[in-house]
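Written out below as structure tokens is the structure these notes cover.
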Amino acid sequence: MEKQLEDLKAIREMMEKSSKFLSLSGMSGVIAGITAIAGAAFAWLYVLGNPSASGLDRYQQITVLLVDAILVLLVSIGFAIFLSARKAKKNHQKLFNKVTLKTVYNMSIPLLAGGIFSLVCIYRGDVGIVASTTLIFYGLALVNVSKYTFDEIHYLGITEIVLGIAAAIFLYHGIIFWTVGFGICHIIYGLIMYKKYDLK
Amino acid sequence: MANIIANLNKAFESRIRLGIMSVLMVNESADFSMIKELLELTDGNLASHIKALEGLAYIESTKQFIGRKPNTKYTLTALGRQAFQEHLDALESLIR
């Protein structure tokens, strides 16, 4: 009886391990959330809160916001890779295998489409909608990739999509929804995943 | 009880063979090095188990070249999928 139970456990583990990207670290979500809040706070204090007081023209404001957003993105991705590599090493796994590549590929299609679409919006002068488009496309990317990783990612994705639609409806409060979606939701889901998968 | 035990497939008694079959159940195909890394095995050890499963016609291999490197890909046969499913069902009914 013991052996049968152990066998079933081994089978389930191997099925998961071979088809899902399980090296994703919950802590990287928390760090991404904190970085996003810091980035949003900077954007609010220096540009969005009182655009005329910043002493920058519209073109300069957009440049500052873009650099801010790209820095947030790079710091988040950097920590995600670093922490996932550490988790993979701890579990005696390679970070880059077939499953990882599949995960990255499926994540990047909606993400790149959304990124380019958002840049087009900015180019056309519609900066306000970008909080919504980044949230929606990011949510779609998460839902798309969730079949290759933890189930929580699916629900995080749906949350982001809902927030993105709300950000489009309440267009002038986009930064609030953006901060909740990229900041607070990342921290909450990151902590849940950290507790559930990493603290073992 | 005796009946259920009879449904357990002797070929899957080894944990390594269970592992190989599990990987192939959820992946369309897997190459040698991928299975080796997942199961943390040596070449020789894995090769002997793969040979045994191939002998039973539970898995089949296709050889190909990726660039200049030879690469062997393994897939589950219909027979293998059925045999493993029956083994799984037997395991589950045993622990119930």
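Overview of values
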quantity	calculated
Flag if A:LEU56 is touching a helix residue (DSSP H, G or I) at 6+ places or on another chain (Cβ under 7 Å), surrounded by fewer than 17 Cβ atoms within 10 Å (Cβ to Cβ) and aliphatic (A, V, I, L, M)	yes
Any chance B:ARG81 is under 12 Å from the mean Cα position of the chain (by Cα) and surrounded by fewer than 17 Cβ atoms within 10 Å (Cβ to Cβ)	yes
Residue in the range B:63-70 that is within 14 Å of another protein chain (Cβ to nearest Cβ) and out of contact with any helix residue (DSSP H, G or I) (no Cβ under 6 Å at 6 or more places or on another chain) present	yes
Residue within the range A:156-163 that is touching a Phe, Trp or Tyr at 6+ places or on another chain (Cβ under 6 Å), closer than 28 Å to A:LEU199 by Cα, surrounded by 14 or more Cβ atoms within 10 Å (Cβ to Cβ) and more than 14 Å from every other protein chain (Cβ to nearest Cβ) present	yes
Qualifying residue in the range B:45-52 (condition: more than 16 Å from A:LEU8 (Cβ to Cβ), part of a helix (DSSP H, G or I) and more than 15 Å from the chain's Cα centre (by Cα))	no
Residue count, the range A:82-119 (criterion: without any contact (Cβ under 8 Å) to a residue 24 or more places away in the chain, closer than 21 Å to A:THR134 by Cα and among the aliphatic types (A, V, I, L, M))	4
Residues satisfying the stated conditions in the range B:11-30, i.e. within 12 Å of the chain's Cα centre (by Cα) and either among the small types (Gly, Ala, Ser) or not in a helix (DSSP H, G or I) (or both)	B:ALA11, B:GLU13, B:SER14, B:GLY19, B:SER22, B:ASN27, B:SER29, B:ALA30
Single match in B:LYS73, B:LYS69, B:LYS51, B:LYS36 (criterion: free of Cβ contacts under 8 Å to residues at least 60 places away in the same chain and in contact with a Leu (Cβ under 7 Å, 6 or more places away or on another chain))	B:LYS36
The range A:1-18, residues that are polar (S, T, N, Q) and surrounded by fewer than 20 Cβ atoms within 10 Å (Cβ to Cβ)	A:GLN4
Residue check, A:GLY128 in contact with a helix residue (DSSP H, G or I) (Cβ under 7 Å, 6 or more places away or on another chain) and either at pLDDT 95 or above or surrounded by 19 or more Cβ atoms within 10 Å (Cβ to Cβ) (or both)	no
The listed residue being within 30 Å of A:LEU199 (Cβ to Cβ) and within 14 Å of chain B (Cβ to nearest Cβ), out of A:VAL99, A:VAL104, A:VAL143	A:VAL99
Check on B:LEU56, touching a helix residue (DSSP H, G or I) at 6+ places or on another chain (Cβ under 9 Å), in contact (Cβ under 8 Å) with a residue 12 or more places away in the chain and either within 14 Å of another protein chain (Cβ to nearest Cβ) or among the acidic types (Asp, Glu) (or both)	no
Within the range A:65-93, tally of residues that are outside any helix (DSSP H, G or I) and surrounded by 12 or more Cβ atoms within 10 Å (Cβ to Cβ)	1
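The values are calculated or read from the model by the stated rules, or taken from the named source; none is laboratory data. Bear in mind that the values here come from a model prediction, so they are computed numbers and not experimental data. Heads up, the Cβs are rebuilt from the backbone with ideal geometry, glycines too, and the neighbour counts pull from every protein chain shown.
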